[in-house]
Amino acid sequence: MSDAQPDARPRAMHDLGGVSRFLCEGIDTEPHALTEFDRTVDAIRQILGAKGVMSVDELRRGIEAIPEADYLRLSYYEKWIRSITDNLLARGVITQAELQAALARC
Amino acid sequence: MLTPGTTVRVRDDWPETRGPCHIRTPHYLRGRTGTVLRHLGDFRNPEDLAFARPAATLPLYHVAFTPQAIWPDAGAGEIVVELFEPWLEPL
Amino acid sequence: MTALLETKGDRLLAAIRHLLAEKGIATHPEIKAAIERTDRASPAQGARMVARAWTDPAFRALMLEDGAKAAESLGIPMRGLPPLGVLENTETTHNLVVCTLCSCYPRGVLGYPPFWFKSVAYRARAVRDPAGVLAEWGTILPANTAIRVVDSTADYRWMVLPRRPAETEGWNEERLAALVTAEAMIGVTVPVVS
């Protein structure tokens, strides 16, 4: 498998080092200010980590489970909130019913 | 314990093909040969932490690789990556 | 996950905030405090460390040996944060930090990671075309300087200790620190006297 061309190996879609398809993409070097949304999601992640509810490893795994097209489309913290939600449901911290009810109200 | 200067090969293994997993060994290093720079410490296995499973504490190493051995079009230089011991085979 | 992907992030956050507050897991005051605490970390802290290292050889040695301990000695809180590795730039080696798998960043000393650090283009290109990445910032290195790319894959967080520009003889730490940006401490630029 190591002789295969780098791009022919079965890499996970988030495993981006050296991937040919992105080599010609320019880097947006401009500063992008964080929004209230961004800061809040970040803060929630820290609190969940500090309280042992969800580790950073679980956060990453949840992000990696996002389908490729959405992974590339969604913003950074939009991926985070989805992973957080996914993990809270998987851990039974919140239920699907609770989530639907809360969404209906928001 | 792997000592500095040890030549190692990263296992050419692809758990991604066998089901849900969380791997912190980049794809571009699988099957590649590198040199151990130093032991960084011992840390719990993220592959298990990611699934809230009991996680073994494993030695973590800083390992150096040559980019041109991975991608012929790469510039000269070095890539250094943190890798856990089970992924490294001493040569 | 599919249904989650169709729900707008704002709505999801509002729902999650509500549920976490209701269950006492993450209350509004706790969230506010976490935001304030995180906002206190910024590249200025890393810059202070670099300026001190440029003027104090003992601090430089400590910083290279144990980055977190060096940060703490300057009053930068690092308890509970991942170990901090410091990469020394020399005439022959220039360090560049990336996290190809996600966005691991030395937040304790540099604050939130910049947009570009988290971008797909940066994560894909840094390990394979570091000179091209540096060129996006107009950074050209001398021919005898090799680039070492450090991919943050595990528990350490990495920052670069850039080289002190030659024209800064006699400068005090405050003036030196002002030269040092997040970009220089990740390695996409070098400090320049304008």
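Just a few scattered comments:
- Number of the exception - B:E47 against (1) surrounded by fewer than 19 Cβ atoms within 10 Å (Cβ to Cβ); (2) within 9 Å of chain A (Cβ to nearest Cβ); (3) in contact with a strand residue (DSSP E or B) (Cβ under 9 Å, 6 or more places away or on another chain): (1)
- Failed item, numbered, when B:T17 is tested on (1) more than 9 Å from chain A (Cβ to nearest Cβ); (2) hydroxyl-bearing (S, T, Y); (3) not in a strand (DSSP E or B): (1)
- Any hit, region A:70-90, residues being without any contact (Cβ under 8 Å) to a residue 12 or more places away in the chain, within 7 Å of another protein chain (Cβ to nearest Cβ) and of a type outside the set (D, E): yes
- Per the listing A:D28, A:D42, the residue uniquely buried (at least 16 other Cβ atoms within 10 Å of the Cβ) and either touching a residue at least 24 places away in the same chain (Cβ under 8 Å) or closer than 24 Å to B:P26 by Cβ (or both) is A:D42.
- Taken over region A:48-90, the residue count meeting the criterion of being part of a helix (DSSP H, G or I) and either surrounded by fewer than 20 Cβ atoms within 10 Å (Cβ to Cβ) or in contact with a helix residue (DSSP H, G or I) (Cβ under 6 Å, 6 or more places away or on another chain) (or both) is 27.
- Residues that are surrounded by fewer than 16 Cβ atoms within 10 Å (Cβ to Cβ) number at least 2 in none of the strands (runs of 3 or more DSSP E) confined to region C:78-194.
- Condition met for A:A50 (among the hydrophobic types (A, V, I, L, M, F, W, C) and within 13 Å of the chain's Cα centre (by Cα)): no
- Residue within region C:111-122 that is in contact (Cβ under 8 Å) with a residue 24 or more places away in the chain and farther than 28 Å from C:L74 by Cβ present: yes
- Test result for C:A126, under 23 Å from C:M78 (Cα atoms), facing chain A (nearest Cβ under 10 Å) and touching a helix residue (DSSP H, G or I) at 6+ places or on another chain (Cβ under 6 Å): no
- Residue match in region B:57-77 (condition: more than 12 Å from chain A (Cβ to nearest Cβ), under 30 Å from A:L89 (Cβ atoms) and under 14 Å from the mean Cα position of the chain (by Cα)): yes
- Qualifying residue in region B:31-39 (condition: basic (K, R), in contact with a strand residue (DSSP E or B) (Cβ under 7 Å, 6 or more places away or on another chain), more than 9 Å from chain A (Cβ to nearest Cβ) and surrounded by fewer than 17 Cβ atoms within 10 Å (Cβ to Cβ)): yes
- Of residues in region C:1-57 being assigned to a loop (DSSP other than H, G, I, E, B), over 24 Å from A:G52 (Cα atoms) and of a type in the set (S, T, N, Q), the one farthest from the chain's Cα centre (by Cα): C:T7
- Taking the listed residues A:E64, A:E25, A:E58, the one that is more than 9 Å from chain C (Cβ to nearest Cβ) and not aliphatic (A, V, I, L, M) is A:E58, with no other qualifying.
- Among the candidates B:L83, B:L2, B:L58, B:L37, residue that is of a type in the set (A, V, I, L, M, F, W, C) and outside any strand (DSSP E or B): B:L2
- Long-range neighbours under 9 Å by Cβ, at least six apart or interchain, first residue facing another protein chain (nearest Cβ under 9 Å) within region C:24-47, second surrounded by 16 or more Cβ atoms within 10 Å (Cβ to Cβ) and not in a helix (DSSP H, G or I): C:I25/A:V53; C:I25/A:V93; C:A26/A:V53; C:A34/C:A26; C:T38/C:G111; C:T38/C:Y112; C:D39/C:G111; C:D39/C:Y112
- Checked against the criterion of being more than 29 Å from A:A12 (Cα to Cα) and in contact with a strand residue (DSSP E or B) (Cβ under 7 Å, 6 or more places away or on another chain), the candidates C:T153, C:T181, C:T92 yield just one match: C:T92.
- Every condition in (1) closer than 17 Å to B:P46 by Cβ; (2) assigned to a helix (DSSP H, G or I) is met by A:R21 except one, and the failing one is (1).
- Test: A:V93 is out of contact with any helix residue (DSSP H, G or I) (no Cβ under 7 Å at 6 or more places or on another chain), closer than 14 Å to C:L20 by Cα and either surrounded by 14 or more Cβ atoms within 10 Å (Cβ to Cβ) or in contact (Cβ under 8 Å) with a residue 40 or more places away in the chain (or both): yes
Every read-out reported here was derived from the displayed coordinates using simple, explicitly stated rules and does not represent laboratory data. Note that the coordinates shown come from a computational prediction; the quantities given were computed from them, not determined experimentally. With ideal geometry, Cβ positions are generated from the backbone for all residues, glycine too; neighbour counts draw on all protein chains shown.
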